[in-house]
Amino acid sequence: MASEEEVQVLTLEAYADTIVPGEKRFPEDRAVAGAAPGPGAVEAGALDLLNYDATGITAGLPYLVQSLNDHAKSYAGEVELEIDTDVPPFVALPYEHRRALVTRLTKPGHPEKEGWVSLALFCNMAYDTAPHRHTAEALAAGHPGLLALGYRPPDADGLWRFPKFSYGRKLADLHPDTTPSGSPA
Amino acid sequence: MSAIEKTDVVIVGSGFGGSIPAYHLAAGGAKVVVLERGPWLAAEDFDHDYLLGSSYTRVFDFVAGEGMSVLGGNCVGGGSVVYFAAMPRAPKFVFDRHGSIGRRMWPAEISRDSLEPWYDRVDESIPVSKQDWTDVSYAGGLWAAACNHSGRTANPAPVAVDNDRCTNCNFQMAGCRFDAKRSMLTNYLPAALAHGAQIRPLHEVERLERTEDGGYRVHFDLIDEEDYRIHTGSGVIEAKIVIIAAGAGATPVILQRSEAALGTMPHGVGRYFSGNGERLNTAIIDEDRVREVLGLSREDGAVYAANHIGKGPTVANWDKLDGSLPEYERYSLEQLYFPPGLGTILAQAPGGEEPRWFGAEKKEILKQWSNWLTIFLMTEDDNEGVFGTPPPTGNAYRISQQMLGRGPLRYEPTANTLRGWALADADCKAIIEKDGLAKVAPWTNDVVGAYTVHPLASCRIGDDPATSALHPSHELRDHEGIFVTDSASVPGALTVNPAMTIAALAERAVPGIVRALQDRGVDVKYGAPAPDGSITGRRAVSKLDLVAGN
């Protein structure tokens, strides 16, 4: 079995990959399940973000990792799934089962919901917001999530401006009771 | 003890509810100190950047509660810096709402008609502009065309935006780099400063106590400018009058924490919270259908692909703002923009199996993000939010260095609220899915509960002491000399964006606060013009009983 640090990395990568799945980085990739084409949260930098202590989640990661693997072990027993022991239990789960377990952990009423939701929130943000990097730099470096969203590069000064922004014509009748100030009556 | 600083008025918070009295009282001659827990940023500080630590996370606050998460401002200018600047007046029927108490919940003396002169004052002071179709973003235009296709109306919303300066960058949640958004930083606050008001950023007020001379001692902590979890010191200041305008998510918490020193708070403090009945839907637009059915296309050949272009909301459907409909069946449907992160995590892939907020299907819709159209539903909720035990400081246990915290608000939507949401969801779906224009799904409430960008009513005005914390004058019941003039004072959901109404109520509260100061021997007068010197609004209110003192 891997070292504690490797267990943490693999487990968090597998969690991030459950939130925004990606394709395997290399054929024997265990953490990334390969459930979706293109890079996912892991390649987008989920671990960089989780290890950035401005998030407030970094100090709690070892506990989340241990708890997630405990949940994965119980879950596998419950659904009678035999899992490999050469990787952490959550990593050993196939994508559909990781997804089912995360669904359970983030459901209203689960006592640990808050922690799992926070973890999911930052994994998601690593992909679609890249808050661990300057947005313009991340775009220039080809950040996979921002590019997938279709985010455009800014002007040369790093600011966004869209001189063309409107269809420029009337597209509906106004509500008949609109007041002179432009408000509803 | 002689070293304790004293002033006439301490104002807690510098959003609409704080800036407006700060200006009028300073202009009238009072010594005013504004304590703001967030940083003080100006246009050049507002970044186009999602990096943690950029202005986006410095000025913005996200407090997760139990069943409700609240988004708000955290900077000098408060909500006015981070909001989307839609400024409609509330429809007439709103003031006759009964809500959860079985009778009219607004004070008898306030109606749309009686509030109009105060709305006019705000309109002139901000100033608020009407928008033309040429001001409307692609997203707003698409929503208007979809409404029209369903036989519905659509209105460009009045806004506090100088459209000549606006670059349609859609970064206005991080503050406006171009000073196009007319936040409090562009009108009331500079005018207040010019009249000698002091504004102190990174001062988080924790609690109040009485002084022997009948005033108040205000206890604050100093907040680190980068890591808001760190408090670098503390202090006190005394005032004859305290105005609490920390926002509906924080005002009641300060009062609850002060209860040990001040005595029992009115029942309405920290109760009757409303999320303005808010809810969001994300539609994934089918560009081919939009071209064929609505005949829309951009000059550059695309049809839409413009989620990221614009300035928050520009167009609203007000067909269901109909006073003849029963309460809880009235709502507006407004086009809106949310940036990635906050605007993507809760969006759900239309159709398919649960869960739809994460996983492979969600990733597929993220690829279509530029073709998202977000529709904001503002319905009538039931004021069902209640604040629990206050955290030791602030209004939340801070998780991240900025922005994210865990607060004491609990919100369990009633059947009325749930039904209103369902009606509005269905109406939105009927409009945007007609003839295959889009696929739509509401945001999930399972992840962080419901959510609101317009928290209201947690310390509200009313006639009934049992269900309102404040007198109609905005003075806290049983605690003379404390006024609340922010979103907390609004009695309930408004079915439209509330900033205009919050500001009008703050304007309306000022003459009464002036009188309270005069009663305490302060040489202060009411009657300042608009911050730019315009006098039409002042002339109109000068005849009202409230101002004349009859």
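The values are calculated or read from the model by the stated rules, or taken from the named source; none is laboratory data. If you're wondering where the values come from, they're calculated on a predicted model, not measured in any experiment. Neighbour counts are summed over all protein chains in view; Cβ atoms, including those assigned to glycine, are modelled from backbone coordinates with ideal geometry.
Specify which of the listed residues (A:Ala72, A:Ala54, A:Ala59) is closer than 30 Å to A:Thr135 by Cβ and touching a Leu at 6+ places or on another chain (Cβ under 6 Å).
Residue meeting the stated conditions: A:Ala54.
Filter the range B:140-153 down to residues that are of a type outside the set (Val, Ile, Thr) and part of a loop (DSSP other than H, G, I, E, B), then give me how many there are.
Residues flagged as of a type outside the set (Val, Ile, Thr) and part of a loop (DSSP other than H, G, I, E, B) within the range B:140-153 amount to 3.
Does A:Thr135 satisfy the criteria of being crowded, with 20+ Cβ neighbours inside 10 Å, touching a Gly at 6+ places or on another chain (Cβ under 6 Å) and of a type in the set (Val, Ile, Thr)?
So A:Thr135 does not fit the description; no.
Taking the range A:175-184 on its own, how many of its residues are over 16 Å from B:Trp118 (Cα atoms) and in contact with a Phe, Trp or Tyr (Cβ under 9 Å, 6 or more places away or on another chain)?
4
Which members of the range B:307-318 meet the condition of being part of a loop (DSSP other than H, G, I, E, B), within 12 Å of another protein chain (Cβ to nearest Cβ) and not hydroxyl-bearing (Ser, Thr, Tyr)?
Of everything in the range B:307-318, those that are part of a loop (DSSP other than H, G, I, E, B), within 12 Å of another protein chain (Cβ to nearest Cβ) and not hydroxyl-bearing (Ser, Thr, Tyr) turn out to be B:Asn307, B:His308, B:Ile309, B:Lys311, B:Trp318.
Out of B:Ser129, B:Ser150, which single residue is within 21 Å of B:Ala499 (Cα to Cα) and among the small types (Gly, Ala, Ser)?
Just a single option satisfies the conditions, and that option is B:Ser129.
Return the only residue of B:Ile375, B:Ile432 being among the aliphatic types (A, V, I, L, M), over 19 Å from B:Arg97 (Cβ atoms) and within 14 Å of chain A (Cβ to nearest Cβ).
Every option except B:Ile432 fails the conditions.
Return the total of residues in the range B:398-444 being within 24 Å of the chain's Cα centre (by Cα), assigned to a loop (DSSP other than H, G, I, E, B) and in contact (Cβ under 8 Å) with a residue 12 or more places away in the chain.
Total satisfying the criteria: 9.
From the list B:Asn497, B:Asn550, which one is modelled with pLDDT under 95 and of a type outside the set (Lys, Arg)?
B:Asn550
Identify the residue in the range A:135-163 that is in contact with a Lys or Arg (Cβ under 7 Å, 6 or more places away or on another chain) and facing chain B (nearest Cβ under 7 Å) and, among all such residues, is nearest to B:His48 (Cα to Cα).
A:Leu159
From B:Tyr304, B:Tyr328, grab the single residue that is part of a loop (DSSP other than H, G, I, E, B), more than 23 Å from the chain's Cα centre (by Cα), buried (at least 21 other Cβ atoms within 10 Å of the Cβ) and modelled with pLDDT of 95 or more.
B:Tyr304
Sort out which residues of the range B:331-345 are more than 10 Å from every other protein chain (Cβ to nearest Cβ), closer than 17 Å to B:Ala441 by Cβ and assigned to a loop (DSSP other than H, G, I, E, B), and write them in order of number.
Scanning the range B:331-345 gives a single hit, B:Phe338.
Have a look at A:Leu93, A:Leu147, A:Leu68, A:Leu64 and point out the one that is under 15 Å from A:Val20 (Cα atoms) and not polar (S, T, N, Q).
Result: A:Leu147 is the single residue among A:Leu93, A:Leu147, A:Leu68, A:Leu64 that is under 15 Å from A:Val20 (Cα atoms) and not polar (S, T, N, Q).
Answer yes if at least one residue in the range B:497-518 is of a type outside the set (A, V, I, L, M), out of contact with any Leu (no Cβ under 7 Å at 6 or more places or on another chain), surrounded by 24 or more Cβ atoms within 10 Å (Cβ to Cβ) and not in a helix (DSSP H, G or I), and no otherwise.
Yes, that holds for at least one residue.
Restrict the check to the range A:166-179 and report whether at least one residue is within 7 Å of chain B (Cβ to nearest Cβ) and in contact with a Lys or Arg (Cβ under 6 Å, 6 or more places away or on another chain).
Within the range A:166-179 (the criterion being within 7 Å of chain B (Cβ to nearest Cβ) and in contact with a Lys or Arg (Cβ under 6 Å, 6 or more places away or on another chain)), the answer is no, since none of the residues qualifies.
Can you tell me which residue among B:Trp106, B:Trp143, B:Trp133 is under 26 Å from B:Arg271 (Cβ atoms) and in contact with a helix residue (DSSP H, G or I) (Cβ under 9 Å, 6 or more places away or on another chain)?
Step by step, each of B:Trp106, B:Trp143, B:Trp133 is checked, and only B:Trp106 is under 26 Å from B:Arg271 (Cβ atoms) and in contact with a helix residue (DSSP H, G or I) (Cβ under 9 Å, 6 or more places away or on another chain).
With the requirement that a residue be within 25 Å of B:Val522 (Cα to Cα), hydrophobic (A, V, I, L, M, F, W, C) and surrounded by fewer than 24 Cβ atoms within 10 Å (Cβ to Cβ), what does the range B:240-266 give you?
Of everything in the range B:240-266, just one residue is within 25 Å of B:Val522 (Cα to Cα), hydrophobic (A, V, I, L, M, F, W, C) and surrounded by fewer than 24 Cβ atoms within 10 Å (Cβ to Cβ), namely B:Leu262.
Hey, which of the strands (runs of 3 or more DSSP E) in the range B:161-264, taking only ones fully inside, have at least 2 residues that are within 22 Å of the chain's Cα centre (by Cα) and closer than 19 Å to B:Ser458 by Cβ?
Answer list for the range B:161-264: B:203-210, B:231-244.
Kindly evaluate B:Leu321 against the criterion of being within 14 Å of chain A (Cβ to nearest Cβ), touching a Gly at 6+ places or on another chain (Cβ under 8 Å) and on the phi < 0 side of the Ramachandran plot.
no
Scanning the range A:31-52 for residues that are within 9 Å of chain B (Cβ to nearest Cβ), in contact (Cβ under 8 Å) with a residue 60 or more places away in the chain and part of a loop (DSSP other than H, G, I, E, B), which turns out surrounded by the most Cβ atoms within 10 Å (Cβ to Cβ)?
Among residues in the range A:31-52 that are within 9 Å of chain B (Cβ to nearest Cβ), in contact (Cβ under 8 Å) with a residue 60 or more places away in the chain and part of a loop (DSSP other than H, G, I, E, B), the one surrounded by the most Cβ atoms within 10 Å (Cβ to Cβ) is A:Gly40.
Would you pick out the residues in the range A:84-109 that are farther than 21 Å from A:Asn124 by Cβ and either within 11 Å of chain B (Cβ to nearest Cβ) or surrounded by fewer than 19 Cβ atoms within 10 Å (Cβ to Cβ) (or both)?
Scanning the range A:84-109 gives A:Asp84, A:Thr85, A:Asp86, A:Pro94, A:Gly109.
Of the residues that make up the range B:419-427, is at least one buried (at least 24 other Cβ atoms within 10 Å of the Cβ), within 9 Å of chain A (Cβ to nearest Cβ) and at pLDDT 95 or above?
Within the range B:419-427 (the criterion being buried (at least 24 other Cβ atoms within 10 Å of the Cβ), within 9 Å of chain A (Cβ to nearest Cβ) and at pLDDT 95 or above), the answer is no, since none of the residues qualifies.
Any chance the range B:109-124 includes a residue that's within 28 Å of B:Arg406 (Cα to Cα) and either out of contact with any Leu (no Cβ under 8 Å at 6 or more places or on another chain) or surrounded by fewer than 24 Cβ atoms within 10 Å (Cβ to Cβ) (or both)?
No, the range B:109-124 contains no residue that is within 28 Å of B:Arg406 (Cα to Cα) and either out of contact with any Leu (no Cβ under 8 Å at 6 or more places or on another chain) or surrounded by fewer than 24 Cβ atoms within 10 Å (Cβ to Cβ) (or both).
Report, by residue number, each residue of the range A:76-92 that is assigned to a loop (DSSP other than H, G, I, E, B) and without any contact (Cβ under 8 Å) to a residue 40 or more places away in the chain.
Of everything in the range A:76-92, those that are assigned to a loop (DSSP other than H, G, I, E, B) and without any contact (Cβ under 8 Å) to a residue 40 or more places away in the chain turn out to be A:Val79, A:Glu80, A:Leu81, A:Glu82, A:Ile83, A:Asp84.
If you take the residues of the range B:356-368 that are in contact (Cβ under 8 Å) with a residue 24 or more places away in the chain and closer than 24 Å to B:Val70 by Cα, which of them is nearest to the other protein chains (Cβ to nearest Cβ)?
Among residues in the range B:356-368 that are in contact (Cβ under 8 Å) with a residue 24 or more places away in the chain and closer than 24 Å to B:Val70 by Cα, the one nearest to the other protein chains (Cβ to nearest Cβ) is B:Trp357.
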